[in-house]
Amino acid sequence: MSAAQDEAGRCGWCGDDPLYVAYHDEEWGVPEYDDRALFEKLILDGFQAGLSWITILRKRDSFRAAFDGFEPETIARYTEKDITRLLGNEGIIRHRGKIEATIGNARVWLDMMETEPGGFSGYLWNYVDGTPLQSSLESWRDAPAKTAMSEALSKDLKKRGFKFCGPTIVYAFAQAVGMVNDHQLTCPRRTACADLAR
């Protein structure tokens, strides 16, 4: 896709891959408030570290099957037997550190669901005062890799025990779940996502 083409319409980062285009058009930037769905997305963004998002997207169904639908209550009880099973699963990213982090993160998520007003969702959305931040990007290329918000959220998640949640990962997550609306100004999804905010 040429620069002229992507500046004239949808964000050009998704190219013309049908799976990527569908993700952009149906999911990316849509405000997400479900605790479990937010957990899943943060975990998958952690698995993306060092890889491209399309790689994770192509394996997402396999990830969901391997990790019991990303139900934190189930993942938190995983044992070394489960880690061995996951390391043998060719359908996912077989990285011991990321797998172990997912189990630990599920346990932190459970604790936060009990201690945070509004649960995990309420905790995350407090970082944008409950309302998606609306950017004014001429081009998707102008989006920052991280912000003061993502740095603060990353720091607190790490303090609580989350892993694979650096400020760049957290900002990509915030874009994806609609905490930040980074669709470029020409993208039809910019207004659509803004209208979906609570």
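Couple of notes before you dig in:
- The charge dipole of the range 159-198, taken about its Cα centre with unit charges on the Cβ atoms of Lys, Arg (+1), Asp and Glu (-1) only, comes to about 240 debye.
- For the pair residue 159 and residue 33, the difference between a 0.36 nm per residue extended length and the Cα-Cα distance amounts to 43.1 nm.
- Burial ranking of peptide ranges 130-138, 35-43 (average Cβ count within 10 Å, highest at the top): 35-43, 130-138
- P(r) of the range 31-167 over all Cα-Cα pairs, binned every 5 Å from zero, in whole percent: 2, 9, 18, 23, 20, 15, 9, 4, 1, 0
- For residue 134, residues with placed amide H under 5 Å, excluding near neighbours: 181
- Relative contact order of the chain, defined on C-alpha pairs under 8 angstrom at six or more residues apart (%): 32
- Full extension of the chain between residue 73 and residue 49 gives 6.2 nm of extra length, using 0.36 nm per residue less the Cα-Cα distance.
- In this entry, the range 1-87 is assigned a mean projected area of 6.9 nm², taken as a quarter of its C-alpha convex hull surface.
- Its residue count N sets the reference 2.2 N^0.38 Å, and the alpha-carbon radius of gyration of the range 107-151 equals 1.51 times that reference.
- Each peptide in 80-86, 56-62, 26-32 was scored by the mean count of other Cβ atoms within 10 Å over its residues; highest first, the order is 26-32, 56-62, 80-86.
- For the range 131-198, the Rg and Dmax computed from alpha carbons only, in angstrom: 12.8, 39
- Counting only whole DSSP H helices of the chain, the ones at least 15 Å long by C-alpha along their axis and with mean Kyte-Doolittle hydropathy no lower than -1.0 are 35-48, 53-66, 96-115, 148-160.
- Counting charges near residue 169 (Lys, Arg +1; Asp, Glu -1) among other residues having Cβ under 10 Å from its Cβ returns a value of 0.
Read-outs: derived from the displayed coordinates by stated rules, not from any lab. No experiment lies behind these values; they were computed from the predicted model shown. Reconstructed Cβ throughout: ideal geometry from the backbone, glycine too, with neighbour counts over all protein chains shown.
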